[in-house]
Amino acid sequence: MKGPLCGIAICAMLLVQGCAADPNKPVIDPQGVDMARYEADRAKCEEVARQVEQKAANQAVTGAFVLGVIGAIFGDRETVKKMAATGAVTGGAGGLKATDLERSKVVKNCLRARGYNVLN
């Protein structure tokens, strides 16, 4: 019963996190800025940022492998399964975070290159 409850808890946590304000959203000094043009430029920069490699899958596989090996060393077959699953989830979550941060940097740098004063 722990498996389904853990999965539900993780999904709930991701849902709440997704509803929170985006801390990676660029903050610009709006003085003298044509906001319609800014929104168009930001959309173009976000399109460029979509080229950032998705790191979640790579880190999920790595996490599953590493914790699976640790489970094999210190436990039985059931421990290996649990450790590999835990590694996949935590590695995937870390990869998603890393990808989001990288995309945020790309958007902010793109906006700076277009002449905006990005404050964060």
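Just so it is clear, none of the values below were taken in a lab; they were calculated from the coordinates. On a predicted model such as this, the values are computed, not experimentally measured, just so you know. Note that each Cβ is placed from the backbone with ideal geometry, even for glycine, and that neighbours are counted across all protein chains shown.
Around residue 35, under 11 Å between beta carbons, what's the net of Lys plus Arg minus Asp minus Glu among the other residues? Net charge around residue 35: -1. For the pair residue 102 and residue 33, the difference between a 0.36 nm per residue extended length and the Cα-Cα distance amounts to 22.3 nm.
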